[in-house]
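**Q** Structure incoming, see below.
The values are calculated or read from the model by the stated rules, or taken from the named source; none is laboratory data. As the structure is a prediction and not an experimental result, all values here were calculated from the model. Backbone-built Cβ (ideal geometry, glycine too); neighbour counts: all protein chains shown. Only protein heavy atoms, including side chains, enter the accessible area calculation; ligands, DNA and RNA are left aside. Shrake-Rupley method; radii C 1.70, N 1.55, O 1.52, S 1.80 Å.
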Amino acid sequence: MHQPADESDSRPSTSTTANAVRRGRLEVVATPIGNLSDVSERTRASLAAADVVAAEDTRRTLKLLTALGLAKPLVSLHSHNETQRVPALLSRLEAGETVALVSDAGTPLLSDPGFELVRAAAAAGIEVRPIPGPSAITAALAIAALPADRFCFEGFLPEKSRERRARLAMLADEARTLVFFEAPHRLSEGLSDLAATFGAARPAVVARELTKLHESVYRGTLGELAARAAADPDMQRGELTLVVQGAAHRGEPADTQLLRRALELLLRELPPGKAAALAAQLAGVKRSEAYELALQLGSSRTERG
């Protein structure tokens, strides 16, 4: 786990000759996903110091800058023009300018544009610095009450049902927790396809309008959530993030999957007997069953070690 360093964001300057060429810097800046109070001091300072801001939607970024009391040159950088914009921005970086890259909300590149620019800057030897902050992915995982120690982010699912179900079929046996973004007008159909492909009993969460005034969190099985979305128009509004529990091991019921996960974590710190006692309570199974699996897992670990 990274420990916070007790230091300012400024870097020590290095001596240069009169003929040295100053290199620029690309800063990948996370912005609020809804609540302006989530702007960090580093984000504010980064935007204030930038020579130009590359924005997914210049109109939305202009509103953010205005709210922060900043005025900066803006260049649009979105999915339809990124390839064309990269050479000019790279030239500015090589000329010594600082470019701040932002998306409409949250952390750039996570289902947002910016990859081509970051890749080009890195390949050219330009410093690329992260200015971390809000993300709907981690925010939804944090409140989903589903396993978050291992997860995979799948972005937006395909628009058409046939393609969507084909993608979901590839993920049906994924044991890690799954995170999706979804458009409001596709929520009901998307949940129905998830229930049909993953099984209606799979636990899931729909996080709506995170950090905003009308933030809502809907919990239940995929079947329950699909039915609720079909009946509740309010659920089909705003920014949506779906968190879906991973698949159980083949041939294992859900309580055995929970038992296995609990034991895998507890056995790192506790002897088998104590780990089994705690895991049995968490999974709602007999202690003897938990102890037997603990011994199996311990044996497997010894053989691998």
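**Q** Across the range 212-225, what is the number of residues that are under 13 Å from residue 143 (Cβ atoms) and open to solvent by 40 Å² or more (accessible area, probe 1.4 Å)?
**A** Looking only at that region, the number is 3.
**Q** Would you tally the residues in the range 148-170 being over 16 Å from residue 192 (Cβ atoms), more than 14 Å from the chain's Cα centre (by Cα) and open to solvent by less than 20 Å² (accessible area, probe 1.4 Å)?
**A** Number satisfying all stated conditions: 0.
**Q** May I pose another question? Going through 121, 166, 175, 142 one at a time, which residue ends up being in a helix (DSSP H, G or I) and touching a residue at least 60 places away in the same chain (Cβ under 8 Å)?
**A** 121
**Q** Which of the residues spanning the range 83-117 are under 15 Å from residue 53 (Cβ atoms) and not in a loop (DSSP other than H, G, I, E, B)?
**A** Result: 85, 88, 89, 92, 93, 98, 99, 100, 101, 102, 117.
**Q** Looking at residue 189, is it touching a Ser or Thr at 6+ places or on another chain (Cβ under 7 Å), within 30 Å of residue 83 (Cβ to Cβ) and of a type in the set (Asp, Glu)?
**A** So residue 189 does not fit the description; no.
**Q** Take the conditions in contact with a Gly (Cβ under 9 Å, 6 or more places away or on another chain), closer than 30 Å to residue 37 by Cβ and not in a helix (DSSP H, G or I) and apply them to residue 134. Does it pass?
**A** Considered against the rule, which asks whether it is in contact with a Gly (Cβ under 9 Å, 6 or more places away or on another chain), closer than 30 Å to residue 37 by Cβ and not in a helix (DSSP H, G or I), residue 134 comes out as yes.
**Q** I would also like to ask the following. Looking only at residues that are assigned to a helix (DSSP H, G or I) and within 23 Å of the chain's Cα centre (by Cα) in the range 59-82, which one is nearest to residue 126 (Cα to Cα)?
**A** 82
**Q** Tell me the residue from 38, 51 that is touching a Ser or Thr at 6+ places or on another chain (Cβ under 7 Å), over 30 Å from residue 157 (Cα atoms) and among the acidic types (Asp, Glu), please.
**A** Criteria check complete, one pass: 51.
**Q** Could you check the range 10-52 and list, in sequence order, the residues that are open to solvent by 40 Å² or more (accessible area, probe 1.4 Å), touching a strand residue (DSSP E or B) at 6+ places or on another chain (Cβ under 9 Å) and either within 23 Å of residue 93 (Cα to Cα) or modelled with pLDDT under 95 (or both)?
**A** Result: 23, 25, 42, 45, 49, 51.
**Q** In the range 78-101, which residues are touching a helix residue (DSSP H, G or I) at 6+ places or on another chain (Cβ under 7 Å) and more than 23 Å from residue 22 (Cβ to Cβ)?
**A** 82, 83
**Q** I need the strands (runs of 3 or more DSSP E) fully contained in the range 191-246, keeping only those with at least 1 residues that are of a type in the set (Gly, Ala, Ser) and over 17 Å from residue 171 (Cα atoms).
**A** 203-208, 216-221
**Q** Go through the range 75-127 and give me each residue that's touching a Ser or Thr at 6+ places or on another chain (Cβ under 7 Å) and open to solvent by 60 Å² or more (accessible area, probe 1.4 Å).
**A** The answer is 110, 116.
**Q** I've got another one for you. Residue check: is residue 134 within 30 Å of residue 244 (Cα to Cα) and in contact with a His (Cβ under 8 Å, 6 or more places away or on another chain)?
**A** Taking the combined requirement at face value, the residue does not satisfy it.
**Q** Further question: Kindly establish whether residue 268 is under 19 Å from residue 147 (Cβ atoms) and surrounded by 14 or more Cβ atoms within 10 Å (Cβ to Cβ).
**A** Against the criterion (under 19 Å from residue 147 (Cβ atoms) and surrounded by 14 or more Cβ atoms within 10 Å (Cβ to Cβ)), residue 268 does not qualify.
**Q** Just the residues that are in a loop (DSSP other than H, G, I, E, B) and aliphatic (A, V, I, L, M), please, taken from the range 40-58.
**A** Across the range 40-58, the qualifying residue is only 50.
Results for (1) surrounded by 17 or more Cβ atoms within 10 Å (Cβ to Cβ); (2) free of Cβ contacts under 8 Å to residues at least 24 places away in the same chain, shown as yes or no for each residue.
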| position | (1), (2) |
| --- | --- |
| 179 | yes, no |
| 183 | no, no |
| 187 | yes, no |
| 198 | yes, no |
| 202 | yes, no |
| 233 | no, yes |
| 241 | yes, no |
| 246 | yes, no |
